[in-house]
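See below for the structure under consideration.
The values are calculated or read from the model by the stated rules, or taken from the named source; none is laboratory data. What you are looking at is a predicted structure, and each value in this text was computed from that prediction instead of being measured. Quick reminder, even Gly has a Cβ in these numbers, built from the backbone with ideal geometry, and neighbours come from all protein chains shown. Ligands, DNA and RNA are excluded from the accessible area calculation, which covers all protein heavy atoms including side chains. Shrake-Rupley method; radii C 1.70, N 1.55, O 1.52, S 1.80 Å.
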Amino acid sequence: MDPRTPWQALTRPRFPLGPWPWRAVGYLASGGLVGAAAGIVFLVLGVFSLFLLGLPLLLFSGIALGRAERLRLRIVDLDPAPDPHRLPSAPGLAAWLRVRAGEQATWRELAYVLLLATVLWPLDLLVLAVGVGLPLALLSAPFRLAVDGQETKVVKAYLVTSYPEALGAALVGAVLLVALAYPLAAVAGARAALARALLTPRETERQGVIGEVIASRARLVDAFEAERRRIERDLHDGAQQRLVALTMTLGLARLDAPPGGPLAEQLAKAHAEAGQVLTELRELIRGIHPQVLADYGLGPALADAADRSVTPVDTDVSSLPRLPASVESAAYFAGCEALANIGKHSGARLARITARHGDGVLRLDVEDDGHGGADPSRGSGLTGLADRIAVLDGTLTIMSPPGGPTLLRVEIPCPALSESSVSSSPRTASSSGRG
């Protein structure tokens, strides 16, 4: 594996011939320039802060310079340096200032920039002067002797009066240039480690960001399930009732029409079409969010899906407790998709559904004795199911060797709901009173 930092590169035998010495020199040299500029900026802002004009800029200047330092870190540290700041929960400058003032990362950036402006940049230039300036001064001895004439001073201390002495100084400079590349890279690595420690998120901050992402994802899943139930309710209470009324009206019209005539034939055809549309709408409603799933939970819903399967299915789902609505919905549709694939593609004579909840995890297994060879990449719908289950921090595993059998396993971490939470849940309340 290629080295990612100067410290990793130091252990490589071809380190002096690689790019890492040059990276270290570039990082330290740019650090000297940026640090000197930061010192000037802090001096100006410090003067203005005496009149309370530059104090806010002084306090928050670390944010801008911290971002620049994270970009500069890529010179000697190839791993990404993430931004440690959180997004404000509301728009506007006031919300941004409140969030930034309350973050530890803001004050760590300010501390780093103060170090850079006062201590670190002179050290960077000192290391460059010793690690690069001294060897280059020795290497230049022959050229300086040729320019100056009969004698020249090397590094203001050693008097060179002949070309053999100048060549000897150049040879010492070449050896020092290679030898000092190692401590120079080590210092650059230490500087980069200090910058990463102060300018990137700490573990507690990463966990906070991850927690926010998980909570946001859970809210999206709940909103998606609520929207599905709303669509199902609107179809059930609206379009389905109108189709039932239309079917009854067409049936009554058939009774009043003269038998055997063209009108009776057209009414019979329209009546049959309306009945077919009503049947398809009921199947669509069941597919969006089946009533048995909302009222009785995952176990009865899977048993109902097994009864409607074209392949005979043994079920072992009776011991399931009530689970969160999003988990029940995802597991139910995973089971339905697996049964549909068994009926269409597997050639199985028998399937089995087993569902258990234990240790805070729902485990759903769908097995069949078909010919196997299931491949999610061929558009069977399993890829979409895997993505949907992954949103709940779950996993979908498919074991389907050629010749069978096939096992689809779903595992979703979730708590079991108490009886009180089930009875007060919106899904049960919204479904009450339906026929």
_Looking at the stretch 82-99, can you tell me whether even one residue there is under 53 Å from the mean Cα position of the chain (by Cα) and among the basic types (Lys, Arg)?_
yes
*asked:* As an exercise: evaluate Ser318 against (1) under 20 Å from Ala416 (Cα atoms); (2) at pLDDT below 85; (3) open to solvent by 30 Å² or more (accessible area, probe 1.4 Å); (4) part of a helix (DSSP H, G or I) and give the number of the one condition it does not meet.
replied: (4)
*Subset of the stretch 1-30 [modelled with pLDDT of 85 or more, farther than 18 Å from Ala179 by Cα and among the charged types (D, E, K, R)]*: Arg4
*Among helices (runs of 4 or more DSSP H) lying entirely in the stretch 17-108, which contain 3 or more residues that are closer than 29 Å to Val130 by Cβ and without any contact (Cβ under 8 Å) to a residue 60 or more places away in the chain?*
20-49, 55-72
*Kindly establish whether Ala174 is part of a helix (DSSP H, G or I), more than 39 Å from the chain's Cα centre (by Cα) and either charged (D, E, K, R) or modelled with pLDDT under 85 (or both).*
no
_Let me confirm something: among Leu65, Leu128, Leu78, which residue is modelled with pLDDT of 85 or more and closer than 30 Å to Glu165 by Cα?_
Leu128
